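What follows is one structure encoded as structure tokens, with my remarks underneath.
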Amino acid sequence: MSGFKNFLLVAVTVVLTSANTDVKNTYTLSKGYTVSIHGTSNLHDWDENVVTVTGDGNVDWNGDANFDLNAMNIKMVVNSIKSTEGSMMDKNTYKALKADDHPDITFVLTAPVKSIQVGTHVIAAKINLTIAGVTKAIDMPVTATSVAHGNISFEGSKAIKMTDYGITPPVALFGTMKTGNEITIKFKTVFAISK
């Protein structure tokens, strides 16, 4: 009888251990994010804000000292982009970004970032950036701020050329405002453990 009890104890321990290894620390983008696009033109600089952004990630905590960022995906809805130049610029932006065929801009982490220390540190993120249906691999320095087993914030910026993604820089004000080819995407995000 004692042998059977020992068998049950071992079996339960194995099941519980297996269940624990399958637990994923899934994180979800919280409200309060800011994602913006900064550009230039022949008249003046301009800015656009991305209103609708979603995201998720996967994190493994290595005790209380550091964590591994295994996955991260961020999706920005093109038709939620709002410009400081008004609705005409918005429409030209949607057209330039081919929103009907490619409604989202996406950031996807392509390689895990290991042993990120708790606190504030700059990490080197390897990302696939997809705009207007064109995907490019980019390297991006990102500032990660974390509390052990708690929220993690990511902040960074990346300058890109629109033509690298097959985009014709949009115009506004009946063609009198012509945007420059280079834009800078900036973001401040906070990810929280999914409930």
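The values are calculated or read from the model by the stated rules, or taken from the named source; none is laboratory data. Since the structure is predicted, the reported quantities are computational estimates derived from the model, not experimental observations. When we count neighbours, we look across all protein chains shown, and the Cβ atoms used for this are built from the backbone with ideal geometry, even at glycine. SASA here: full protein model, heavy atoms, side chains in, ligands and nucleic acids out. Shrake-Rupley method; radii C 1.70, N 1.55, O 1.52, S 1.80 Å.
Summary of values
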{"item": "Residue match in segment 87-96 (condition: outside any loop (DSSP other than H, G, I, E, B), of a type in the set (G, A, S) and on the phi < 0 side of the Ramachandran plot)", "result": "yes"}
{"item": "Residues located in segment 151-164, provided they are surrounded by 14 or more Cβ atoms within 10 Å (Cβ to Cβ) and either touching a residue at least 40 places away in the same chain (Cβ under 8 Å) or under 14 Å from I185 (Cα atoms) (or both)", "result": "I152, F154, E155, G156, S157, K158, I160, M162"}
{"item": "Filter pass, D56 being within 24 Å of the chain's Cα centre (by Cα), farther than 30 Å from I183 by Cα and at pLDDT 95 or above", "result": "no"}
{"item": "Counted residues, segment 58-76 - those being touching a strand residue (DSSP E or B) at 6+ places or on another chain (Cβ under 9 Å), open to solvent by less than 50 Å² (accessible area, probe 1.4 Å) and not aromatic (F, W, Y)", "result": "10"}
{"item": "Counted residues, segment 77-96 - those being touching a Phe, Trp or Tyr at 6+ places or on another chain (Cβ under 9 Å), at pLDDT below 95 and either buried (at least 20 other Cβ atoms within 10 Å of the Cβ) or of a type in the set (S, T, Y) (or both)", "result": "4"}
{"item": "Pick from segment 99-125, criterion in contact with a Lys or Arg (Cβ under 9 Å, 6 or more places away or on another chain) and in a loop (DSSP other than H, G, I, E, B), ranking: least open to solvent (accessible area, probe 1.4 Å)", "result": "A111"}
{"item": "Residues of segment 61-84 satisfying the condition of being over 20 Å from the mean Cα position of the chain (by Cα) and either closer than 25 Å to D45 by Cβ or assigned to a loop (DSSP other than H, G, I, E, B) (or both)", "result": "G63, D64, A65, S83, T84"}
{"item": "Number of the condition not met by N128 [criteria: (1) surrounded by 15 or more Cβ atoms within 10 Å (Cβ to Cβ); (2) closer than 18 Å to V35 by Cα]", "result": "(1)"}
{"item": "Total residues in segment 136-150, condition open to solvent by 30 Å² or more (accessible area, probe 1.4 Å) and either modelled with pLDDT under 95 or in contact with a helix residue (DSSP H, G or I) (Cβ under 9 Å, 6 or more places away or on another chain) (or both)", "result": "4"}
{"item": "Residue check, L29 modelled with pLDDT under 90 and either surrounded by 13 or more Cβ atoms within 10 Å (Cβ to Cβ) or farther than 15 Å from I74 by Cβ (or both)", "result": "no"}
{"item": "Unique match (being within 26 Å of W46 (Cα to Cα) and out of contact with any strand residue (DSSP E or B) (no Cβ under 8 Å at 6 or more places or on another chain)) among S157, S87", "result": "S87"}
{"item": "Residue match in segment 174-190 (condition: closer than 15 Å to T93 by Cβ, more than 18 Å from the chain's Cα centre (by Cα) and open to solvent by 70 Å² or more (accessible area, probe 1.4 Å))", "result": "yes"}
{"item": "Failed criterion for S194 (all others in (1) surrounded by fewer than 16 Cβ atoms within 10 Å (Cβ to Cβ); (2) under 20 Å from the mean Cα position of the chain (by Cα); (3) at pLDDT 95 or above hold)", "result": "(3)"}
